[in-house]
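Report on the structure given below.
The values are calculated or read from the model by the stated rules, or taken from the named source; none is laboratory data. Keep in mind that what you see is a predicted model, and the values were worked out from it rather than measured. Because the Cβ atoms are built from the backbone with ideal geometry, glycine has one as well, and the counts that use them run over all protein chains shown.
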Amino acid sequence: MDLGLSGRTAAVAGASAGLGLAAAQVLVAEGVRVAICGRDRERIDAAAAELGGDAVPIVADVGTPDGATAFVEEATAALGPLDILVPNAGGPPAGTFASTPLDAYLPALQLNLLSTVAMCQAAVPAMVDRGWGRVVAITSASVRQPVPQLILSNTARAGVTGFLKTLSLEVAAQGVTVNSVQPGLHATDRLTHLYGDDTSAAARDVPTRTVGRPEDFGAVVAFLCSDAARFVTGVALPVDGGSTRGLQ
């Protein structure tokens, strides 16, 4: 299926590895010119080389609003006006209510909420002006079903989901869609670090009895960027093999 994305431009955050890189790979395969970022020069350069084409590697720490804004600005300078924005960042430290001090919340909110707000503020107004744009944020299945021991992530990612839903309502009439994808367990480096090459233990509680393939996750992101998905906005879509048990 031709998604009609050839020639578009995209900024994909947190794309030196994992699901961010998987999303960038599918977009590049669809003919999108992509800028990616990560905190480590060597890793982000290697990721860009893997993507091939004219992928632009940018060193940026989107864990702060200033770093998130700088990434979008550098991507725009390199590629021209952005058509697609994929906000993404790693997760904050684990912890429970009892073990997590109050001063741990602000860095978590900056990482998983304010970074997305900053990227959207830097990219979306120009999309509105041009009458076309796509925001597809990578969040977490914990938004629907909070994960034990991850109170910081659960809190911040729920907040960003509320922000994205509100933004989607405000820019829909201008041709800009805003969605998020909520990954469950996927075969990324992080998962193999935890479980080794045999991920069957991780898949035990997934209804499909498998963990997700990163390329399949990337394909979902790319579809939401396409013109075929122009009537899909304000959606927070689980991509988790059916692991989320709730009806909504």
Within the stretch 168-182, track down each residue that is within 20 Å of residue 144 (Cβ to Cβ) and surrounded by 21 or more Cβ atoms within 10 Å (Cβ to Cβ).
178, 179, 180, 181, 182
Residue list for the stretch 200-233, restricted to those being surrounded by 14 or more Cβ atoms within 10 Å (Cβ to Cβ) and hydroxyl-bearing (Ser, Thr, Tyr)
210, 226, 233
How about the stretch 183-248: which helices (runs of 4 or more DSSP H) wholly inside it have at least 1 residues that are modelled with pLDDT under 70 and either touching a helix residue (DSSP H, G or I) at 6+ places or on another chain (Cβ under 8 Å) or within 18 Å of residue 137 (Cα to Cα) (or both)?
189-195, 200-203
I need a count of the residues in the stretch 115-158 that are surrounded by fewer than 22 Cβ atoms within 10 Å (Cβ to Cβ), within 18 Å of residue 85 (Cβ to Cβ) and out of contact with any Asp or Glu (no Cβ under 7 Å at 6 or more places or on another chain).
9
Within the stretch 72-81, work out how many residues are surrounded by fewer than 24 Cβ atoms within 10 Å (Cβ to Cβ) and either under 19 Å from the mean Cα position of the chain (by Cα) or assigned to a helix (DSSP H, G or I) (or both).
6
Which pairs do you get when a residue that is touching a residue at least 60 places away in the same chain (Cβ under 8 Å) and closer than 15 Å to residue 58 by Cβ, found in the stretch 2-18, comes within reach of a residue that is acidic (Asp, Glu) and crowded, with 21+ Cβ neighbours inside 10 Å, reach meaning Cβ atoms under 7 angstrom, with the pair 6+ apart or on two chains?
9/83; 10/83
Going by the structure shown, is residue 103 surrounded by fewer than 19 Cβ atoms within 10 Å (Cβ to Cβ), modelled with pLDDT of 95 or more and either charged (D, E, K, R) or more than 17 Å from residue 138 (Cα to Cα) (or both)?
yes
Among the numbered criteria (1) in contact with a Gly (Cβ under 8 Å, 6 or more places away or on another chain); (2) of a type outside the set (Phe, Trp, Tyr); (3) assigned to a loop (DSSP other than H, G, I, E, B); (4) under 21 Å from residue 216 (Cβ atoms), which one does residue 4 miss?
(1)
Flag if residue 26 is among the aliphatic types (A, V, I, L, M), touching a Gly at 6+ places or on another chain (Cβ under 9 Å), modelled with pLDDT of 95 or more and farther than 20 Å from residue 119 by Cα:
yes
